[in-house]
Amino acid sequence: MPTVFSKLDRVNTFGDAEDYAKLILTAPGKPLVDVEISCCNAYPSFTYNICGSQGSLKGNMGRIDWKYFKPEEAPAQTLIKTPLETPERLPAYCSEPLKWYEEPWSVKDIGTFTYASAGLYQTIYNHLTQGTPLVVTPHQVRQQIAVMEEVHRQNPLSVFA
């Protein structure tokens, strides 16, 4: 179970459902997960923005793009103890030549919801009829539920009179 920090709020709603969520999940030896869902962003650029140690992923409900480098192709790293400067003795910034790879993925023309639903039901059907492994295991679902329960424990819903 990760350590959970969360904040749920009602910003632009007239009911009792939260329209803002911030979650930060940490666990030893695991990457930090920072999730923010908000109706307040007037300039949304993409739905997903994932930053990793070897690249990033961005996307929306219809398209995902990722950009990454291969560590075996990166130059060897050495610690530089002297100030970084240009030949003209001006301050310089750290940089290295990396070969970047970019790849896209797009949802089929049938629409995101239909595509995702078909994949879910096909996975369950294959599991029940052919014994193929589930993409999401019951253990993973249980952990998601435990995180959601902790978020709601930290953010009890106030009652309107």
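Within the stretch 1-101, the GluC sites (Glu not before Pro) that combine a DSSP coil assignment with at most 14 other C-beta atoms in a 10 angstrom radius are E88. For the stretch 52-81, the list of trypsin sites (Lys or Arg not before Pro) that fall in a loop by DSSP and count at most 12 other C-beta atoms within 10 angstrom reads K81. Note that the stretch 63-69 has calculated 3J(HN,Hα) couplings of 8, 10, 10, 9, 9, 8, 10 Hz, one per residue in order, obtained from phi through the Karplus relation 6.51 cos²θ - 1.76 cosθ + 1.60 (θ = phi - 60°); glycine and proline are x.
Relative to the longest principal axis of the Cα atoms of the chain, the long axis of helix 138-154 lies at roughly 90 degrees.
Would you mind estimating how fast the stretch 62-161 diffuses translationally, via Stokes-Einstein at 25 °C and 0.890 mPa s with the Kirkwood radius over Cα pairs, in µm²/s? This corresponds to a translational diffusion coefficient of 122 µm²/s. Quick check: from the Cα gyration tensor, does the stretch 1-97 come out rounded (a/c under 1.5), prolate or oblate? Note, shape of the stretch 1-97 comes out prolate.
Database remark: amide H of R10 closer than 5 angstrom to the amide H of D19 (H placed geometrically; neighbours at sequence offset of 5 or more, or on other chains; Pro and chain starts carry no H).
Per-residue 3J(HN,Hα) values for the stretch 92-104, derived from phi via the Karplus relation 6.51 cos²θ - 1.76 cosθ + 1.60 with θ = phi - 60°, read 10, 9, 4, 7, 8, x, 10, 8, 9, 10, 10, 9, x Hz in sequence order (x marks Gly and Pro). Of the three principal axes defined by the Cα atoms of the stretch 61-118, the extents in descending order read 59, 25, 15 Å. Each residue of the stretch 27-34 was assigned a 3J(HN,Hα) from its phi angle through the Karplus curve 6.51 cos²θ - 1.76 cosθ + 1.60 (θ = phi - 60°); the sequence is 7, x, x, 10, x, 6, 10, 10 Hz, with glycine and proline shown as x.
Ordering T13, P2, M61 by the projection of their Cα atoms onto the charge dipole of the chain, which places +1 on the Cβ of Lys and Arg and -1 on the Cβ of Asp and Glu, puts P2 at the extreme positive end. The long axis of helix 112-130 is offset from the longest Cα principal axis of the chain by roughly 80 degrees. In straight-distance terms, cross-link reach from K30 covers every one of the lysines whose alpha-carbon lies under 22 Å from its own, apart from those fewer than eight places away in the same chain; here that gives K7, K22, K58, K67, K70. For the stretch 110-155, the square roots a ≥ b ≥ c of the C-alpha gyration tensor eigenvalues yield an a/c of 1.5 or more together with a/b not exceeding b/c, which makes the shape oblate.
When peptides 90-97, 128-135 are sorted by average Cβ neighbour count within 10 Å, with the highest value leading, the order is 128-135, 90-97.
No value in this document is a laboratory result; all are computed from the given coordinates. Source: prediction; values computed, not measured. Every residue, glycine as well, gets a Cβ built from its backbone with ideal geometry; the counts of neighbours run over all protein chains shown.
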